[in-house]
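Student: Next up is a structure, given as structure tokens.
Readers should treat all values here as calculations from the given coordinates under stated rules, not as data from a laboratory. Since we're looking at a predicted model, the values are computed, not measured. When we count neighbours, we look across all protein chains shown, and the Cβ atoms used for this are built from the backbone with ideal geometry, even at glycine.
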Amino acid sequence: MSPVPFWRAKSLEEMSVAEWESLCDGCGRCCLVKLEEEDSGAIHATDVACRLFDPKTCRCSDYANRSVKVPDCVTLTPHDVRTLGWLPPSCAYRLVAEGEELKWWHPLVSGRPESVVEAGVSVMGRVFAREDDVLEALLVERVTRWPLRWPPGAR
């Protein structure tokens, strides 16, 4: 009998740093620029990525220093995971916080990081540009719905 996986046995607060970091599936959806409506607080995702996003790996190019280089980068905490409405529904942190199972394509389940791309969860090939390459005034033209929705077939 195999042991219970850590994400089922522990709360988010009980996880080690390595366990916490391994929950990230590397989809890159949280690295896309979001716009917030001042009046309503509604959040809209774009297909424009953070300036540190590496589109070839769907990872941060300077993860250790991201909060210094990008001051509005959110370093997720268990509290944030439970309160941020803009985390994609497929986000493993969100799923675990909500008592849901990790999906078949998550690398901790599949054993393969490529499964995130194969399932259509990753932003691989879907990023228009990095934020430094798009005029801020034109970001509204890059608003799209897919980053904050379940990808077809990924449930």
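Student: Among His44, His106, rank each residue by its count of other Cβ atoms within 10 Å, from fewest to most, as a rough exposure measure.
Tutor: His44, His106
Student: List the lysines whose alpha-carbon lies under 24 Å from that of Lys34, not counting same-chain residues fewer than 8 positions away?
Tutor: Excluding near neighbours in sequence, the set is Lys56, Lys69.
Student: A follow-up question, please. Based on the mean of other Cβ atoms within 10 Å per residue, sort peptides 127-134, 34-41 so the most packed one is first.
Tutor: Per-residue mean Cβ counts within 10 Å order the peptides as 127-134, 34-41.
Student: Count the DSSP beta bridges whose two residues both fall in the chain, then state the antiparallel fraction as a percent rounded to the nearest 5.
Tutor: Around 80 percent of the beta bridges assigned by DSSP in the chain are antiparallel ones.
Student: Listing Thr83, Thr46, Thr77 from the residue with the fewest other Cβ atoms within 10 Å to the one with the most, what is the order?
Tutor: Sorted ascending by nearby Cβ count, the order is Thr83, Thr77, Thr46.
Student: With a bin width of 10 angstrom, please list the P(r) values of segment 5-73 as percents of all Cα-Cα pairs, from the 0 bin to the one holding the largest distance.
Tutor: Reading upward from the zero bin: 17, 37, 33, 13, 0.
Student: Give the separation of the Cα centroids, segment 66-106 to segment 36-61, in Å.
Tutor: After rounding, the separation between the Cα centres reads 14 Å.
Student: Let me ask another. Output wanted: per-residue J couplings in Hz (rounded whole) for segment 12-24, from phi through Karplus 6.51 cos²θ - 1.76 cosθ + 1.60, θ = phi - 60°, x for Gly and Pro.
Tutor: 4, 5, 7, 6, 6, 4, 5, 5, 4, 4, 6, 5, 5
Student: Assuming R0 = 41 Å, what is the FRET efficiency of Thr75 and Arg112, from their Cβ-Cβ distance, to the nearest 0.05?
Tutor: Efficiency, from the Cβ-Cβ distance: 0.95.
Student: Next question, about the same structure. Cα-Cα pairs above 18 Å in segment 64-117: how many percent?
Tutor: Tail of the P(r) past 18 Å holds 47 percent of the pairs.
Student: For the chain, state the semi-axes of the equivalent ellipsoid (square roots of 5 times the eigenvalues of the alpha-carbon gyration tensor), sorted largest first and rounded to whole angstrom.
Tutor: 26, 17, 16
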